[in-house]
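Quick notes on the structure that follows.
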Amino acid sequence: MSALGAQDWRPDFAAANPNLPRWFLDDRTDLTARLAELHVPVLLLWGDADPISPVRVGQRLAELLPRAELHVIPGGGHDLGFTHADEVARLIDRHLGAE
């Protein structure tokens, strides 16, 4: 993910949550090659102001997942579920109603 501009969230998360099991922070299993096996509809919601996981990460996932739909929310950060709750809820409702 760092090649796509993503930040490593682990150090700050570990500092804020000292009781996390080490495996949660240390695991670096790369499942990229298996993403094409997922044939369910996938909704990708991304904020265009997310420093942890920039839009390029969402775009890459949309390329790798056969049935992905990417929505980029202007002004959204990593917490866009809180800051853009109405728009996120609308997109989720629409996604869940689609087949």
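Rule-based calculations on the coordinates, nothing more; no lab input. The model shown is predicted, which means the values in this text are computed figures rather than measured ones. So basically every Cβ, Gly included, is an ideal-geometry build from the backbone, and we count neighbours across all protein chains shown.
Values for this structure:
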{"item": "Length released on extending from L38 to R10, taking residue separation times 0.36 nm less the Cα-Cα span", "result": "7.4 nm"}
{"item": "The chain: relative contact order as a whole-number percent, Cα under 8 Å and 6+ apart", "result": "27"}
{"item": "Cα-projected label distance for R56 with H95, points at 7 Å along beta-carbon direction, nm", "result": "2.3"}
{"item": "Under-5 Å amide H pairs with D50, H placed in peptide plane, nonlocal only", "result": "V55"}
{"item": "DSSP-assigned coil residues among trypsin sites (Lys or Arg not before Pro) in the chain, each with at most 13 further Cβ atoms within 10 Å", "result": "R28, R67"}
